[in-house]
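Here the structure is laid out as structure tokens; the discussion comes afterwards.
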Amino acid sequence: GAHQFSAGFGDSEDPHFFDTFDNNTWSSLDIDADGNLLLAAPLVGAATFDGTTLTSPDGKMDVLIVKFAPNGDVLFSQLFGGGGTQIVLDVAATNSGHAVLAGRFFSSSVDFGTSGIALGVGLRGDISSGGDGFVARIITQ
């Protein structure tokens, strides 16, 4: 088919972000029933979507989720995390157009906010155990 849109993100001008594969690379993509593209990725540093800059505050990986309309417009972007490293491994679109994220975290907890964006999260990790997993439903509207 024809090219629809392209988008870049991350601190591409900073060469140290290319030291490992894990930094600023996409982890998972899915398309919802309306044709919107969900992108979930670990993010170190900053990324700007539709004029909003999301920044990983502690220099460690946080969970990035972005929802693009079929024409490339940004419908939703959010960074989740907290102290320590959080790695998103997969994203899936729900029938209602939201997202389910799965991943790992290497800290005492992972913060998906308190504003009703994430549902069903109540996890506490243990760094010495090699981290714990998370599953979160994210309301992307």
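Quick look at the numbers
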read-out	value
Peptides ranked, highest mean first, by Cβ atoms within 10 Å: ranges 67-78, 50-61	67-78, 50-61
Heavy-atom surface of region 49-99, accessible at 1.4 Å and reported per residue (Å²)	42 Å²
Mean Cβ neighbour count within 10 Å, used as a protection proxy, ranking 97-103, 39-45 highest first	39-45, 97-103
Approximate spin-label separation Thr48-Val74, in nm, with each point projected 7 Å along Cα-to-Cβ	0.9 nm
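The values are calculated or read from the model by the stated rules, or taken from the named source; none is laboratory data. Predicted model only: the values in this text are computed from it and were never measured. A quick note on method: Cβ atoms are made from the backbone with ideal geometry, for glycine too, and the neighbour counts reach across all protein chains shown. Heads up: the accessible areas ignore ligands, DNA and RNA and are worked out on the full protein's heavy atoms, side chains in. Shrake-Rupley method; radii C 1.70, N 1.55, O 1.52, S 1.80 Å.
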